[in-house]
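For reference, the structure is listed below as structure tokens.
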Amino acid sequence: MSIEDQVIGSAFAICAGMFFMGAVPWYVLRYVSRGGMGREQMPPLPRGRVPIKGFGLIDILGVSLFFAFYAVPWYLSGSAEESSVLTEPGELSFALIFGLIVQALQVGMVFVILFRRVNPMEAFGLWGNVDWRKVALAPVAVVIMWAFMISLDAAGYNVWIGQFVEGDGKQEIITLFETSSDPLVLVLMVVVACVGAPLAEEVIFRGYIYGVAKRFAGIPLAVVFSGLLFGAVHGNLAALLPLTVLGIILALTYEYTGSLWGPIAIHFCFNALTVVIQLIFKFNPHLLEEVEKNAGFILPW
């Protein structure tokens, strides 16, 4: 097993330990056991702008399903370099469309799990009293994130991490984006990056997983747990730290705005800016030669 696999596997293990072997047992011993006969003695709800009323013990199963969806295939398939790589435009188009369908099904799964207990549209702040002035601050968060990645590069982080990564350290989807010339594939990649990922991943990681973690562990652990899991599921060592930090920023933004539109806006702006940079380099290859490749150009998918 490569160092990259070991680190990503450790990240998944830390997430599992934080939630399933730490927060949940502590919660059960403190509140459920006191209720008697398996009844839950309701604790004070954590403060913050993200409402979690209605989340309950059944959602431990929900988080388990999503955790297994991301972690089990990664453990079974091993590193990305060992998996088959699609090269034909038809295969790529089908894979991207299938990915969008899977994302839609995952969002639907969240709504099904919360059915009759929580209204996701209201709980996630997707309608109602949304403070759009706070949501409009999304570009500021993106600038902070890019400044962080540039600082990592200036400190030599990307060169150091490159010693433990086979190849150029890029995710497979980024390599395909750079090498593919099929218009349909490029359009689908842009849709996945700028529409599918911001909507689906924010509903899953911030709306649901963060909300459940906050219910059982409070805000600090929920922020770290959801951020680290967000970084780990992308299965890329070079992107692990930047995406974990991005995940933490997205969770904090969710709490700050009280609406999922906040992290969705940041996610969209971050991915859109990254796509624009990739397109500039793709159609102006001489510019790419002048820029050092680093994790700052890895899309958070």
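Tabulated data
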{"read-out": "Selection from segment 201-227 of residues that are surrounded by fewer than 22 Cβ atoms within 10 Å (Cβ to Cβ) and part of a helix (DSSP H, G or I)", "value": "A217, I219, P220, L221, V224"}
{"read-out": "Criterion: over 26 Å from D59 (Cα atoms), touching a helix residue (DSSP H, G or I) at 6+ places or on another chain (Cβ under 9 Å) and not aliphatic (A, V, I, L, M) - qualifying residue of E178, E201", "value": "E178"}
{"read-out": "Residue within segment 134-153 that is modelled with pLDDT under 90 and loosely packed, with under 11 Cβ neighbours inside 10 Å present", "value": "no"}
{"read-out": "Members of segment 93-134 found to be free of Cβ contacts under 8 Å to residues at least 60 places away in the same chain and on the phi > 0 side of the Ramachandran plot, listed by number", "value": "R116, G128"}
{"read-out": "Residue match in segment 175-184 (condition: modelled with pLDDT under 85, of a type in the set (D, E, K, R), under 25 Å from F283 (Cα atoms) and assigned to a helix (DSSP H, G or I))", "value": "yes"}
{"read-out": "Segment 135-157 residues that are in contact (Cβ under 8 Å) with a residue 60 or more places away in the chain, paired with ones that are assigned to a loop (DSSP other than H, G, I, E, B) and among the small types (G, A, S) (beta carbon under 9 Å, 6 or more apart)", "value": "V135/S259"}
{"read-out": "Scan of segment 231-267 for residues that are in contact with a Leu (Cβ under 6 Å, 6 or more places away or on another chain) and within 23 Å of F20 (Cβ to Cβ), ordered by number", "value": "G231, H234, T244"}
{"read-out": "Some residue of segment 242-256 being at negative phi and not in a helix (DSSP H, G or I)", "value": "no"}
{"read-out": "Unique match (being of a type outside the set (A, V, I, L, M) and more than 22 Å from Y70 (Cα to Cα)) among N284, N236", "value": "N284"}
{"read-out": "Residue within segment 259-270 that is part of a helix (DSSP H, G or I) and under 26 Å from R30 (Cβ atoms) present", "value": "no"}
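Residues are listed down the side, and each one gets a yes or a no for (1) of a type in the set (D, E, K, R); (2) at pLDDT 80 or above; (3) not in a loop (DSSP other than H, G, I, E, B):
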residue: F20; (1), (2), (3): no, yes, yes
residue: V28; (1), (2), (3): no, yes, yes
residue: M42; (1), (2), (3): no, no, no
residue: F55; (1), (2), (3): no, yes, no
residue: G62; (1), (2), (3): no, yes, yes
residue: Y70; (1), (2), (3): no, yes, yes
residue: L76; (1), (2), (3): no, yes, yes
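The values are calculated or read from the model by the stated rules, or taken from the named source; none is laboratory data. What you are looking at is a predicted structure, and each value in this text was computed from that prediction instead of being measured. No Cβ is skipped: glycine too gets one built from the backbone with ideal geometry, and neighbour counts run over all protein chains shown.
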